[in-house]
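Chemist: Before I ask anything, here is the structure I am working with.
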Amino acid sequence: MKPGIHPDYHPVTVHCACGHNFTTRSTIKGNMLNVEICSNCHPFFTGKQKLVDTAGRVERFTKKYADAAAKVEAGKTAAAKK
């Protein structure tokens, strides 16, 4: 590697919202990295849903597009009756 052109790569402590801490290396400035989800609490790695959608994003999405979905279904049934 050429000297002087690469960023500083140093150890950092990663702190997850679930409380898990681990050490890795990164180019970020500082010695602490806060994340919302890690391999200890992610459903893909754990095999179970552990975190709850606190912002209500799914409900907000379904509420927002419920009218559009109803119109599409009504259009399909009307076309099928013809």
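Chemist: ³J(HN,Hα) across segment 16-28 via Karplus (A = 6.51, B = -1.76, C = 1.60, θ = phi - 60°), whole Hz, x for Gly/Pro?
Modeler: Values per residue, Gly and Pro as x: 8, 5, 7, x, 7, 10, 8, 10, 9, 10, 7, 9, 5 Hz.
Chemist: What ranking of MET1, MET32 comes out by heavy-atom accessible area, probe 1.4 Å, highest first?
Modeler: Values: MET1 200, MET32 95 Å².
The ranking, largest first, comes out as MET1, MET32.
Chemist: Tell me, in nm to one decimal, what length is gained between LYS76 and THR46 on full extension, where the rule is 0.36 nm per residue of separation less the Cα-Cα distance? Working shown, then result.
Modeler: Values: separation 30, 0.36 × 30 = 10.80 nm, distance 4.04 nm.
Gain on stretching LYS76 to THR46: 6.8 nm.
Chemist: So how much accessible area does PHE22 have, in Å² to the nearest 10, using a 1.4 Å probe?
Modeler: Counting only protein heavy atoms, the figure is 80 Å².
Chemist: Compute the long axis of helix 57-81 from its Cα atoms, compare it with the longest principal axis of the Cα atoms of the chain, and write down the angle in degrees, 0 to 90, nearest 10.
Modeler: 30
Chemist: Let me ask you something else. Based on DSSP H runs of at least 4 residues, each adding -39500 (n - 2.57), what is the mean residue ellipticity at 222 nm of the chain after dividing by all its residues, to the nearest 500 deg cm²/dmol? Could you put the intermediate results ahead of the total?
Modeler: Details: 2 runs with 29 residues, N = 82.
-11500 deg cm²/dmol, from helical runs alone.
Chemist: Counting only protein heavy atoms, what percent of the accessible surface of the chain is carbon or sulfur at a 1.4 Å probe?
Modeler: On the way: 4220 of 7210 Å².
Ligands and nucleic acids excluded, carbon and sulfur reach 58 percent.
Chemist: Another one. Give the accessible surface of the chain per residue, rounded to a whole number of Å², with probe radius 1.4 Å and ligands, DNA and RNA excluded.
Modeler: Values: 7210 Å² over 82 residues.
Value returned for the chain: 88 Å² of accessible area per residue.
Chemist: On to the next question. To the nearest 20 debye, what charge dipole does the chain have about its Cα centre, counting +1 at the Cβ of each Lys and Arg and -1 at the Cβ of each Asp and Glu? Intermediate results must be reported in sequence, preceding the final value.
Modeler: Numbers: 13 positive and 6 negative charges, 95 e Å.
In total the dipole reaches around 460 debye.
Chemist: Of the listed values (1) 3, 14, 18, 13, 7, 7, 9, 11, 9, 5, 3, 1, 0; (2) 3, 16, 27, 27, 16, 7, 3, 1, 0; (3) 3, 11, 11, 11, 10, 10, 9, 8, 7, 6, 5, 4, 3, 1, 0, identify the label whose number matches P(r) over Cα pairs in 5 Å bins from 0, in percent calculated from this model.
Modeler: Only one option fits the structure, namely (3).
Chemist: Would you pull out the residues with amide H under 5 Å of VAL12's amide H, same chain only if 5 or more places away, H placed 1.01 Å from N?
Modeler: Residues meeting the amide H criterion: THR24, ARG25, SER26.
The values are calculated or read from the model by the stated rules, or taken from the named source; none is laboratory data. All figures in this text were calculated on a predicted structure; none of them were measured in a lab. Positions of Cβ are generated from backbone atoms using ideal geometry, with glycine treated the same way; all protein chains shown enter the neighbour counts. Calculation scope for accessible area: heavy atoms of the full protein, side chains included, ligands and nucleic acids excluded. Shrake-Rupley method; radii C 1.70, N 1.55, O 1.52, S 1.80 Å.
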